[in-house]
Structures are given as structure tokens and as C-alpha cells.
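The values are calculated or read from the model by the stated rules, or taken from the named source; none is laboratory data. Since the structure is predicted, the reported quantities are computational estimates derived from the model, not experimental observations. Cβ placement follows ideal geometry from the backbone for every residue including glycine, while neighbour counts extend to all protein chains displayed. Just the protein is used for accessible areas: all its heavy atoms, side chains included, with ligands, DNA and RNA removed. Shrake-Rupley method; radii C 1.70, N 1.55, O 1.52, S 1.80 Å.
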Amino acid sequence: MATSDQSTFLPLCEPCIQGNEWSYVKECLDTAWVSSVGRFVDKFERVVADYVGAKYAVAVVNGTAAIHAALVTMGVEPGDEVLCSDLTFVATANAIRHAGAHPVLIDAEEQHWQLDISLLEQFAQERCQLSEQGLRNHNTGRMIRAIVPVHVLGGAVDMSRLNEWARKWNVAVVEDAAEALGADYLGRRLGTWGDMGCFSFNGNKVITSGGGGVIVTDDEQLAKKAKHLTTTAKEPGGEYIHTEVAFNYRLPNVLAAIGCAQMELLDQFVDRKREAAARYSEAFRSLDGITLWDAPSDVSATYWLHTIRVNAQKFGCSARQLMAHLGDQKIQCRPLWQPMHLSPAHKSCESILTGVSAQLYDECLSIPSSVSLTSSQLDRVTDAIASCPAEIRHRNAA
Ligand SMILES: *Cc1c(COP(=O)(O)O)cnc(C)c1O
């Protein structure tokens with residue numbers, strides 16, 4: 001295979017299908033168990049729960065649905081407020097809005113780009129008030145029912161400090177661990193620190209079920225409620241009795257089958273991501289102005305997307321210029337997400353800002369991150385990055 005071929009397109013992050021996917025899917029097709037129930041749905045829930053060390057898991061149709069259903073399960077109601085990371089994929093804020101609630105966006109910290117907990121503490125202290133009903137936002141008069149910390153790039157929000165904050169102010173914690181399946185913090189899996197944790201199995205995540213999500217929790221009542229709400233709130237038995245207006249968020253068996261096969265590969269894939277991160281990091285050591293995102297030593301990250309921060313002054317070109325240069329060489333890169341406070345979809349939300357997420361949006365670039373990246377492909381990326389400033393100087397001189 002011509003993996004070192006400079007002319008082939010190198011995608012940002014593609015799925016890696018190399019285990020029992022075919023045989024499990026074939027079983028679904030051969031038996032016609034393709035739809036909303038089946039042995040792979042049950043198995044997928046068991047396997048994910050066991051892997052992260054949670055008591056219960058509920059499989060759903062995607063990560064967004066997982067967050068939405070978890071918020072409703074935690075009692076978030078229309079008109080409530082829910083705090084979340086400003087620097088995140090749009091799904092987090094969308095899920096809050098789907099619940100009829102108002103996101104309040106909290107900026108990122110400078111070092112590891114996770115939700116800034118000092119800012120959160122300051123916000124609660126100065127701008128909220130704890131009443132008998134819970135935490136109230138002075139500004140809006142609305143109740144703050146929950147917080148959704150996002151483990152950006154499969155690193156970790158400081159969950160011990162965040163949980164302490166949440167207990168003090170009586171706020172439910174729903175972790176958005178979409179990028180962090182396989183990561184742990186202080187030896188405990190991410191997604192199991194909050195009241196409920198949410199994972200995504202979209203095609204660009206560390207592993208995939210084609211599309212899918214899982215909610216985990218240690219609380220039996222919450223698990224039952226989440227299962228009920230995501231399966232149309234149907235009473236057991238043959239009749240169509242539904243106890244409330246709920247959701248059809250069930251994960252099809254045929255997708256759960258892919259998810260089961262991918263779960264068998266998860267540890268191996270995370271190892272490869274970590275190896276690639278080490279390789280990239282080594283290569284960038286000699287490049288002034290380029291720093292690779294990393295997590296602190298008490299976090300074992302997934303390195304979901306390898307992401308660099310470009311200091312344009314030192315490096316000699318900006319992140320956007322670098323992205324265009326790499327694009328010319330068929331190397332796919334992406335900026336980080338537009339922060340929610342700048343997103344046309346969510347810019348009307350209240351936001352607590354320091355300017356960090358906006359700066360990260362300008363300066364950061366995710367570079368090829370597939371689990372299947374070969375050594376020569378890694379070299380191709382790092383060589384292409386290293387050659388960018390000279391290329392731009394050359395072009396400007398011409
Ligand atoms: C991928 C992702 C989601 C949503 O997952 P889907 O399965 O695509 O709905 C949510 N939050 C974050 C941070 C993500 O990266």
C-alpha cells in the first residue's frame with residue numbers, strides 16, 4: 001500500500017474498522033435483528049458500563065441525544081439555566097436548548113483549554129444566590145439546574161474541583177465525555193465523575209458505532225428514568241401505554257453490533273493515539289511557535305484530535321495560513337470549534353468570558369489524527385508543517 005504517497009488525501013480523522021464488525025453486523029442481518037432492540041444493544045450497554053466502571057448504561061442514537069436525555073433525566077426543565085463549556089462542539093449547547101433550557105457559557109482556561117473552574121467559582125460567588133429551590137442567577141432570575149463540563153480533546157476538566165463546586169451550590173453534573181471514552185483522571189474514568197456521563201460513537205470519535213451515544217450512571221433510578229425517557233416512556237406489556245411525552249432515541253441493534261466490535265479495540269486505539277501524540281510532540285519540539293495540546297500528568301488523555309497551537313509571531317505564519325498550506329498538500333486540518341458565544345446559533349446566550357476560547361479559535365489547528373496513521377504519514381504531516389513559514393516567505397518575496 002502506497003501509504004507514503006505524497007499525492008494521496010490524508011483525512012483529519014477516519015474510522016478504523018478491523019475487528020469483529022463484519023461478523024457482528026452479519027449476525028444482525030442474518031437474523032433480521034436490525035432495529036431498536038436486540039442482543040447487541042444489551043451487550044453494548046453492559047460492555048460500556050463495565051469498561052468505564054459505571055453500574056448502568058443506556059444506549060441512545062447519538063451523543064447529542066445522550067446529553068439531552070441526561071439533562072431531562074436530571075430534572076432540567078424549560079426556562080432553567082444550564083452552565084456549559086464555551087469551547088465545545090455545538091452539540092453540547094444544542095442539547096441544553098433541546099431541553100428548553102438556557103445555556104450559560106463558561107470560558108476555557110489557558111493551559112489545557114478546559115472549562116475554567118476559577119471563573120465558575122467567581123460566577124457563582126458574585127452573580128448567583130443559593131435559595132431553598134437551588135442556585136439562582138441574579139441577572140436573569142432563573143434557576144441553574146445543571147452543569148455540562150466538556151472534556152475537550154479527551155483531556156479532563158478538573159472534576160474533583162468541579163464536583164466540589166457542584167455539591168456546594170446544589171447543581172447536577174452531566175459530563176460531556178464524547179471525546180474522552182478511554183481517558184481517566186486520577187485513575188478514574190471520565191464520564192463517571194458526574195451524576196451522569198455521556199459518550200458519543202460518531203464516526204470521528206476514538207471508536208464508532210456508525211452513530212450512537214451512551215449515558216452512564218451509578219444511580220439505578222436515574223438509569224431507569226433515562227431508559228424510559230429514551231424509549232418513548234412506554235409501560236411494559238403489549239399495549240401502547242406511554243406515561244409521558246418522551247423520545248425515540250433508541251440505538252438500532254445493527255449499530256450496537258458495530259459498537260460492540262469497536263469496544264474490543266478501544267484500548268488498542270487509545271494506545272495508538274497516545275503514541276502518535278508522543279511522535280508529534282517530539283517532532284514539534286524543534287519548531288518554534290508550535291505547541292501540541294497536552295493534558296496534565298494526572299490525566300490519561302485519549303488525544304482524540306491532535307491539535308496544535310500556532311504562535312504566528314514566532315512561527316512565521318498563522319494557523320489559518322498553515323491550514324491552507326496543508327490543504328494544498330492534501331493534508332486535512334481543521335480549526336477548533338467556533339466558541340459558542342461567537343456561534344450564530346448560540347451567541348444570544350449569557351457568557352462568562354476571559355477571551356481564552358476566542359484566542360484558541362484563532363490559533364489552534366487539529367491535524368491528522370486517525371488511529372490508522374502510519375509512521376510515514378506522521379512524518380508527512382510534520383514535514384509539511386515545518387516547511388510552511390519558508391514557503392510563505394518565498395511566496396511573499398516572489
Ligand atoms: C461529538 C461530540 C458530541 C456529540 O456527539 P454526536 O454523537 O455527534 O451527537 C458532543 N459533544 C462533544 C464535545 C463532541 O465532540
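Counting Cα-Cα pairs of segment 7-80 in 10 Å increments starting at 0 gives whole-percent bin shares of 14, 31, 32, 18, 5, 0.
Each principal axis of the Cα cloud of segment 26-182 was evaluated for its coordinate range; sorted largest first, these ranges are 61, 34, 27 Å.
When all alpha carbon pairs of segment 111-238 are counted in 5 Å bins from zero, the resulting P(r) reads 2, 10, 17, 19, 17, 15, 11, 6, 2, 1, 0 %. If you wrap the chain in the convex hull of its Cα atoms and look at it from every side, the mean projected area works out to 21.2 nm². Remark: spin-label model distance A398-D267 equals 5.2 nm, labels positioned 7 Å along the Cα→Cβ axis. Highest average first, the peptides 88-97, 291-300 ordered by how many other beta carbon atoms sit within 10 Å of their residues are 88-97, 291-300.
Label separation (D288 vs Q133): 5.9 nm, computed from points 7 Å beyond Cα along the C-beta direction. Considering only beta bridges that DSSP places wholly inside the chain, some 60 percent are antiparallel. Could you name the aspartates and glutamates whose alpha carbon sits less than 16 Å from that of K347, not counting residues in the same chain fewer than 8 places away? Answer for K347, where 16 Å is the Cα cut-off: E81, D86, D107, listed by chain and number. For segment 276-365, the average shadow cast by the Cα convex hull is 7.6 nm², which is a quarter of the hull's surface. By a 1.4 Å probe calculation restricted to protein chains, K43 has an accessible surface near 60 Å², given to the nearest 10.
Evaluated on segment 145-218, the Kirkwood hydrodynamic radius is 12.3 Å, with distances taken between all distinct Cα atoms. Surface composition of segment 261-398: carbon and sulfur make up 47 percent of the accessible area, probe 1.4 Å. If the Kirkwood radius is taken over C-alpha pairs of segment 180-243, then at 20 °C and 1.002 mPa s the Stokes-Einstein diffusion coefficient equals 157 µm²/s. Projecting the Cα positions of V310, A397, P344 onto the charge dipole of segment 245-398 (unit charges on Cβ atoms of Lys, Arg, Asp and Glu, taken about the Cα centre) puts A397 furthest along the positive direction. A Stokes-Einstein calculation at 20 °C with viscosity 1.002 mPa s, built on the Kirkwood radius of segment 165-315 over Cα pairs, returns a diffusion coefficient of 118 µm²/s.
Among 216-224, 371-379, sorting by the average number of other beta carbon atoms lying within 10 angstrom of each residue, highest first, gives 216-224, 371-379.
Can you give the Rg/Rh ratio of segment 354-395, where Rg is from the C-alpha atoms and Rh is the Kirkwood radius? Taking Rh as the inverse mean 1/r over Cα pairs, Rg/Rh reads 1.12.
Only residues of segment 71-101 count here: report those whose backbone N is under 20 Å from the spot 7 Å along Cα→Cβ of T243, or say none. It comes to 71-78, nothing else.
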